[in-house]
1. Given the criterion without any contact (Cβ under 8 Å) to a residue 24 or more places away in the chain and not β-branched (Val, Ile, Thr), identify the matching residue among SER87, SER97, SER67.
2. Among the residues of region 75-91, which ones are out of contact with any Asp or Glu (no Cβ under 9 Å at 6 or more places or on another chain) and either within 16 Å of SER37 (Cβ to Cβ) or surrounded by fewer than 13 Cβ atoms within 10 Å (Cβ to Cβ) (or both)?
3. Could you please find all residues in region 323-382 being among the basic types (Lys, Arg) and assigned to a loop (DSSP other than H, G, I, E, B)?
4. For LEU176, are the conditions met, namely being open to solvent by 40 Å² or more (accessible area, probe 1.4 Å), in a helix (DSSP H, G or I) and touching a Ser or Thr at 6+ places or on another chain (Cβ under 9 Å)?
5. Would you say PHE195 is over 13 Å from ILE366 (Cβ atoms) and open to solvent by less than 10 Å² (accessible area, probe 1.4 Å)?
6. Of all residues in region 388-431, which are of a type in the set (D, E, K, R) and open to solvent by less than 60 Å² (accessible area, probe 1.4 Å)?
7. Got a number for residues in region 362-383 being β-branched (Val, Ile, Thr) and more than 18 Å from the chain's Cα centre (by Cα)?
8. For region 432-461, give me the residue count where each residue is open to solvent by 80 Å² or more (accessible area, probe 1.4 Å), more than 24 Å from TRP481 (Cα to Cα) and either in contact with a helix residue (DSSP H, G or I) (Cβ under 8 Å, 6 or more places away or on another chain) or of a type in the set (Phe, Trp, Tyr) (or both).
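The values are calculated or read from the model by the stated rules, or taken from the named source; none is laboratory data. All values reported here derive from a predicted model rather than from experimental measurement. A quick note on method: Cβ atoms are made from the backbone with ideal geometry, for glycine too, and the neighbour counts reach across all protein chains shown. Each accessible area value is taken on the protein alone, full model and side chains, heavy atoms only, with ligands, DNA and RNA left out. Shrake-Rupley method; radii C 1.70, N 1.55, O 1.52, S 1.80 Å.
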Amino acid sequence: MFWHVFLLTSGIKLLFIPAYRSTDFEVHRNWLAITHSLPLSQWYYEKTSEWTLDYPPLFAYFEWALSQLAKSFDPRMLEVKNLNYASEQTVLFQRCSVIVADVIYALGARRCLRALAGDDGNPARSRQLIGSALLLANAGLLMVDHIHFQYNGFLFGVLLLSIGALLESKPLQSALLFAVLLNLKHIFIYIAPVFAVYLLRFYCLRGSSGGQALMKLIKLGSITLGVCLLSFGPFHNHLPQVLSRLFPFKRGLTHAYWAPNLWALYNAADKVLALALGRRGLPVGTSSGLVQTFEHSVLPSVTPGVTFVLTAVAMLPVAIKLWSVAGRESTAYLGNCFIRAIVLCGCTSFLFGWHVHEKAILMVLIPLTLLSIVNANDARWTVFLGIVAHYSLFPLLFKPELTIVKISLHVAYTAVSVALLKHLHHGNFFRLPEFLYLAGFPILCVYENLVHDAIGLRERLPFVPLLLTSVYCAVGVLYFWISYQISFLLTKNIDHSTDRKKKK
């Protein structure tokens, strides 16, 4: 049944081939051209297009491999100076390349679900089927990868394969896969502390003498260093240039569309204070993605160093909790704690990080979805965060003709999630304040798509719908982070009680 679900969702993805494409479509076409047409030494210097190569080398090699196939579809897409080229063959190739690359995502999901679902016959198969439906049909990935256009499914597939290896007690394989992931897209460094703490605590140190622990540490270091050497080695003479592309701190605190995090609330507060005090504030709806850096009008301006320290400090309790989990706990319980720590560290980076993209919320939601088949509390938060996260992605699909599409995807996925997870866990999902908050989304949607234009504010205040989406969703993400962190830090052995209920 797993592969039946995969084929069904792949068929849905095919329907989106002619849909709207963002600038990311041209970004990846340009990267195909750069890696195919230029010598490796020039990949990170080429700047004919404004969409320069800014992913780690392993992803550049991935683009090069795709380009070998792309030339059979339309060789003109591989010309560096052929900017904004989008023939029918080019669109078909790039769209299908994302769909085919999602096989990695499917393999990763299948591996994790098998490890988490258990082996108790029909209930285990039911959990696997529900998990596969929620992961493979994730509305956020459909919107971001198959309409907006990116390769997140492929990248999350490598992450899930790494998590699955750890759940299967294969720590070295997990470390290898995660090192590969970091060299495909460095944004996953957000959750690297979780892997570091877990592998050091439960692979290197648990049950090992000093000499054994040292040897295990050397193995881990060798794997990580080996992957980095394979990735960056060919660029050893160009490392400063490569790193300047990977870490462009001059892009500013927030992206062109404010991701729903702490800084969206901070920017909005600054704007409100500026208006109240009669000052000219930051133009809402713009940021460094368009104007590079800016200074806040009333509140203190934030530097990259501040966001780094704040993120590190906020992650510390989770790292300490993970480290302190008793070594006698079962492998399943340790694995669940590990995934919860990934969820929290990913959310911490999303809330407090520098120049966060709205799409990064999927780094929180997808690992959380894994746990929805294991524990009722995780299922509850999966539904809650799914509603918030998927709505927060709506501004990416801003074309009027996509309004029905994105709303339909959101509503259908939410309905399926609630139905399947209630079938699995039973009971009520939300407390009254949470229900009232979520009930605000239909009202917000009606205002943004109908009322704002009807009362003539589109020309005078075009930024208001974006601001409302960012701020309202930021409240929900922040509430989730606080609540889920309290549950993780203060609750002991929550999976044990669930297991007992299943046995009864």
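1. On the way: SER97 fails: without any contact (Cβ under 8 Å) to a residue 24 or more places away in the chain; SER67 fails: without any contact (Cβ under 8 Å) to a residue 24 or more places away in the chain.
Exactly one residue qualifies, and that residue is SER87.
2. Step one: of region 75-91, the residues out of contact with any Asp or Glu (no Cβ under 9 Å at 6 or more places or on another chain) are 75-79, 81-82, 91.
Result: PRO75, ARG76, MET77, LEU78, GLU79, LYS81, ASN82.
3. Step one: list which residues in region 323-382 are among the basic types (Lys, Arg), which gives 328, 340, 359, 380.
Scanning region 323-382 gives a single hit, ARG328.
4. Numbers: open to solvent by 40 Å² or more (accessible area, probe 1.4 Å): yes; in a helix (DSSP H, G or I): yes; touching a Ser or Thr at 6+ places or on another chain (Cβ under 9 Å): yes.
When the stated conditions are applied, LEU176 passes them.
5. Details: over 13 Å from ILE366 (Cβ atoms): yes; open to solvent by less than 10 Å² (accessible area, probe 1.4 Å): yes.
It is true that PHE195 is over 13 Å from ILE366 (Cβ atoms) and open to solvent by less than 10 Å² (accessible area, probe 1.4 Å).
6. In the first step, residues of region 388-431 are kept if they are of a type in the set (D, E, K, R); the result is 399, 401, 406, 422, 431.
Of everything in region 388-431, just one residue is of a type in the set (D, E, K, R) and open to solvent by less than 60 Å² (accessible area, probe 1.4 Å), namely LYS406.
7. Going through region 362-383, the residues β-branched (Val, Ile, Thr) turn out to be 364, 366, 369, 373-374, 382-383.
From what is left, the residues that are more than 18 Å from the chain's Cα centre (by Cα) are 373-374.
Of the residues in region 362-383, 2 are β-branched (Val, Ile, Thr) and more than 18 Å from the chain's Cα centre (by Cα).
8. Number of matching residues: 1.
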